[in-house]
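Undergrad: After the structure tokens below, expect a handful of questions from me.
The values are calculated or read from the model by the stated rules, or taken from the named source; none is laboratory data. Keep in mind it's a predicted model, so treat the numbers as computed, not measured. Backbone-built Cβ (ideal geometry, glycine too); neighbour counts: all protein chains shown. Just so you know, the surface numbers come from the protein's heavy atoms only, side chains and all, with ligands and any DNA or RNA stripped out. Shrake-Rupley method; radii C 1.70, N 1.55, O 1.52, S 1.80 Å.
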Amino acid sequence: MLISQEIRAKAPEMDSLRLGSGWKVEELSKPQIIIESSFGHSHPGSAHLDKLVEEAFKGVNINGGRAAKFFVTDICDGQAQGHDGMNYSLASREFMANMIETHVEATPYDAGVFITSCDKSIPAHLMALARLNMPSVVVPGGIMDAGPNMLTLEQIGAYSAQFERGEISEEEYTNAKHNACPSCGACSFMGTASTMQVMAEALGVTLPGTALMPATSVNIREAAKNAGKHAIKLVKMGIKPSEIMTKKAFENAIMVHAAIAGSSNSLLHIPAIAHELGIEIEAELFDEIHRKIPYILNIRPSGYYPGSYFWYAGGVPAVMEEIKEFLHLDVLTVTGKTLKDNLEDLKKSNYYETCNEYLKALGVKKEDIIKSKDNPIKAQGAMAILKGNLAPEGAVVKHSAISEKLMDVVLKAKTFNCEEDCLKAILTKEVKPGDAVFIRYEGPKGSGMPEMFYTTEAIASDPELVESIALITDGRYSGATRGPAIGHVSPEAFEGGPIALVEDKDLIKINIKERLLSIIGVKGEEKTKEEIEEILKKRKLKWKKPAARYTKGALGVYTKLAVSPMKGGYME
């Protein structure tokens, strides 16, 4: 018996309440499908999802089921930038997942369609469906078009810094702001939203070829309707997320992540999703895989083209074809077929021809967007995990965006205990070439782990600093980040990690190739390893844990329960 029918038998009020909600008597005995989405007028990535919900609703109902719409609107990281609203961003992932769990467990359904588009909503939905482990299919919400002259939102931070320094006019700055988001959809670069759409497909829980479709296209509406139809098939097949999102599937996703130079925030989200399934994804796995998978995607912020060009070039399947020899092709996917079967089916369909029609109109070749594994942009993926006495549990760096001059360097520490002070110092030229700039007490327990986007953009848009300094934090970075940015430093400062003990003019050694991040000197003078250990012990004895910044509400709960950034920053 379907679980929805079991509940009807246990709860005699169920039929009455369904009928009062607009259901028909004949629909009560049909397979019941929950359609969860992050629709809301909060930002372009979610404002259009009601249209996809309607298509999925139709797909369920015309295929013999009865759909029910539920909504958990997400926040926009872009609108949360520059103020304390950003502290709520990572925490929102946890509360969205909890709300979806609440919806389903309070009134169980036979299967689910999850329609989601952006930074925290995609991992929240993936965490929830993993936790619920009911037959489910994900519909990625697509990507927006680029603006004039390929203008995309991640450039606005640089325009802002240039305007602050008097390098562009107010008219130029305003024009950029007014044209960077010309349509609905996820922001048009390989930031966290786009990366997580790709990760959902790479994990095998979306229909093949549906990540980062143009949000304004008929293709994505058709994909949503097909997902609704497929949900009924999933009820019959009984395939659960735990059968799809296996350790091999997570390894596949990390391989794709390496190939596309995906957002560093994936190192928070992938372990958190896996945790819901009892699978441990250690940071070292990202490093190991990124060392062997070539970086082949020429999409911003690491590459040249807007993110909307990705699907035009064939999307996730095209990337998988290039790195096929590394992938676990035998993994089960939501189609009921293996990844190998799905890739073969796409080649037999008109999928690639449909995608490439968009490229022809733009006068761009597929090879301009997705390079071959034999002629990659870089031989290795974009991420590295650094360790050392400054980050015993690890730190994350997107080295594809760093100058060769900073791959092996010793810098002098300049410390700040909040981002606002650091940003001001950069814009007023207090930060000098050769500085290792620290922003601390911004980890999950410190302040909720906000992004340092404006600070990284101020550095990236300064030709002198971008080649000569590093930014190091226990907070995190936007998926749009460019330049010398090291984040997720663990243990975090609020927990008394070594980053809390750094003092101005300490010597900081960064070696990307050797995966090293360490304090090697004090007051500009190098010390032995043993001397540094003794100095840090003495500093730790003097260190006092700051009072909790948040003691109530959502952030009070999150900062109290959040685990280390290197574990995924989930609540435990």
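Undergrad: Can you bin segment 424-572 into rounded, prolate or oblate? Criterion: square roots of the alpha carbon gyration tensor eigenvalues sorted a ≥ b ≥ c, rounded for a/c under 1.5, prolate for a/b above b/c, oblate for the rest. Don't skip to the end; give the middle numbers.
TA: Numbers: a/c = 1.82, a/b = 1.15, b/c = 1.58.
Oblate shape, in that a/c is at least 1.5 and b/c is the bigger or equal ratio.
Undergrad: Another one. What FRET efficiency comes out for S403 versus D15 if R0 is 45 angstrom and r is the Cβ-Cβ distance? Round to the nearest 0.05. Please report the intermediate quantities before stating the final value.
TA: Numbers: r = 66 Å, r/R0 = 1.46.
The computed FRET efficiency comes out at 0.10.
Undergrad: Sticking with this structure for a sec: Just from its helices, what would the mean residue ellipticity at 222 nm be for the chain, if runs of 4 or more DSSP H residues each count -39500 (n - 2.57) and the sum is divided by every residue, rounded to the nearest 500 deg cm²/dmol?
TA: Numbers: 24 runs with 234 residues, N = 572.
The per-residue figure over the chain is -12000 deg cm²/dmol.
Undergrad: Let me ask something else about it. Can you tell me the equivalent ellipsoid semi-axes for segment 1-79? Use √(5λ) from the Cα gyration tensor, largest first, whole Å. Can you show the working numbers first?
TA: Values: eigenvalues 172, 38, 21 Å².
Taking √(5λ) for each Cα gyration eigenvalue gives 29, 14, 10 Å.
Undergrad: By average Cβ neighbour count within 10 Å, what is the ranking of 493-505, 116-128 from highest down?
TA: So the peptides 493-505, 116-128, ranked by packing, come out 116-128, 493-505.
Undergrad: I'd like the distance between the alpha-carbon centres of segment 504-564 and segment 359-423, rounded to an integer number of Å.
TA: 22
Undergrad: Place a +1 charge on the Cβ of each Lys and Arg in segment 383-475 and a -1 charge on the Cβ of each Asp and Glu, then give the dipole magnitude about the Cα centre in debye, rounded to the nearest 20.
TA: Numbers: 10 positive and 15 negative charges, 49 e Å.
Roughly 240 debye for segment 383-475.
Undergrad: Over all directions, the average projected area of the alpha-carbon convex hull for the chain comes to how many nm²?
TA: 25.9
Undergrad: Counting pairs of alpha carbon atoms under 8 Å apart in space and at least six apart in sequence, what relative contact order in percent does the chain give? All intermediate terms of the calculation are to be shown ahead of the outcome.
TA: Numbers: 1291 pairs, mean separation 77.7, N = 572.
Value for the chain: 14 percent.
Undergrad: Same structure, new question: Among the lysines, which fall within straight-line cross-link reach of K538, defined as a Cα-Cα distance under 24 Å, with same-chain neighbours fewer than 8 residues apart omitted?
TA: K387, K412, K414, K445, K505, K509, K523, K527, K529
Undergrad: So how far, in whole Å, is the C-alpha centre of segment 178-196 from the one of segment 317-333?
TA: Computed from Cα coordinates, the inter-centre distance equals 26 Å.
Undergrad: Just need the relative contact order of segment 1-132 here, percent rounded to a whole number, with Cα pairs under 8 Å and 6+ apart.
TA: Dividing the mean separation by the residue count of segment 1-132 yields 31 percent.
Undergrad: Using a ≥ b ≥ c from the Cα gyration tensor of segment 390-505 (square roots of the eigenvalues), is it rounded, prolate or oblate, where a/c under 1.5 gives rounded and otherwise the larger of a/b and b/c decides, a/b for prolate?
TA: Values: a/c = 1.40, a/b = 1.37, b/c = 1.02.
It comes out rounded by the Cα gyration axes.
Undergrad: Here's something else I'd like to know. Put +1 on the Cβ of each Lys and Arg and -1 on the Cβ of each Asp and Glu in segment 480-563; which of G521, I535, I499 then has its Cα farthest toward the positive end of the dipole?
TA: Positive-end residue among those listed: I499.
Undergrad: Shifting gears a bit: Got a number for carbon plus sulfur as a percent of the chain's accessible area, 1.4 Å probe?
TA: Numbers: 11010 of 21820 Å².
Of all accessible area on the chain, carbon and sulfur atoms account for 50 percent.
Undergrad: Further question on the same structure: Arranged from highest to lowest average of other beta-carbon atoms within 10 Å per residue, in what order do the peptides 236-247, 57-68 appear?
TA: Numbers: 236-247: 18.2, 57-68: 20.0.
In descending order of packing, they fall as 57-68, 236-247.
Undergrad: Moving on to the next point. Taking the Cα centre of the chain as origin, sum charge times position over the Cβ atoms of Lys and Arg (+1) and Asp and Glu (-1), and report the length of that vector in debye to the nearest 20. Numbers along the way, then the final one.
TA: Details: 66 positive and 74 negative charges, 167 e Å.
Taking the Cα centre of the chain as origin, the dipole is about 800 debye.
Undergrad: By the scheme Lys and Arg +1, Asp and Glu -1, what is the net charge of all other residues having a beta-carbon under 13 Å from that of M571?
TA: Details: positive: R93, R131, K445, K560, K567; negative: E94, E101, E276, E572.
Cβ neighbours under 13 Å give a net charge of +1.
Undergrad: With every atom except the alpha carbons ignored, what do you get for Rg and Dmax of segment 149-214, in angstroms?
TA: Spelled out, the Cα radius of gyration and Dmax of segment 149-214 are 15.6, 48 Å.
Undergrad: Does segment 193-335 come out rounded, prolate or oblate by the C-alpha gyration tensor, with a ≥ b ≥ c the root eigenvalues, rounded set by a/c under 1.5 and, if not, prolate when a/b is larger than b/c and oblate if not? Can you show the working numbers first?
TA: Numbers: a/c = 1.80, a/b = 1.08, b/c = 1.66.
It comes out oblate by the Cα gyration axes.
Undergrad: Right, next: Local charge sum around G166 (other residues, Cβ-Cβ under 15 Å, Lys/Arg +1, Asp/Glu -1)? Don't skip to the end; give the middle numbers.
TA: Details: positive: R165, K429; negative: E164, E167, E170, E171, E172, D462.
Neighbourhood net charge equals -4.
Undergrad: Taking amide H atoms as placed 1.01 Å from N in the peptide plane, list the residues 5 or more away in sequence, or in a different chain, whose amide H sits under 5 Å from that of I472.
TA: So I472 has HN proximity to V437, F438, I439, I486.
Undergrad: Next question, about the same structure. Given the peptides 419-428, 190-199, arrange them by the average over their residues of other C-beta atoms within 10 Å, most packed first. Please report the intermediate quantities before stating the final value.
TA: Details: 419-428: 18.4, 190-199: 31.2.
Taking the mean over residues of other Cβ atoms within 10 Å, the ranking is 190-199, 419-428.
Undergrad: Another question, then. Putting +1 on Lys and Arg Cβ atoms and -1 on Asp and Glu Cβ atoms, find which of L329, A202, P450 reaches farthest to the positive end of the dipole of the chain.
TA: Of the options given, the answer is L329.
Undergrad: While we're looking at this one, here's another question. Report the calculated FRET efficiency for W23 and H328 (r = Cβ-Cβ distance, R0 = 60 Å), to the nearest 0.05. Can you show the working numbers first?
TA: Numbers: r = 42 Å, r/R0 = 0.70.
My answer for the efficiency is 0.90.
Undergrad: By how many nm would the segment from N417 to D368 lengthen if fully extended, with 0.36 nm per residue of separation less the alpha-carbon distance?
TA: Numbers: separation 49, 0.36 × 49 = 17.64 nm, distance 4.26 nm.
Taking 0.36 nm per residue and subtracting the Cα distance, the gain is 13.4 nm.
Undergrad: Once both labels are modelled 7 Å past Cα along the beta-carbon direction, what's the L427-I62 spacing in nm?
TA: With each label point 7 Å from Cα toward Cβ, the separation is 5.2 nm.
Undergrad: What accessible area per residue comes out for the chain, rounded to a whole number of Å², with a 1.4 Å probe?
TA: Values: 21820 Å² over 572 residues.
Per residue, the chain has an accessible area of 38 Å².
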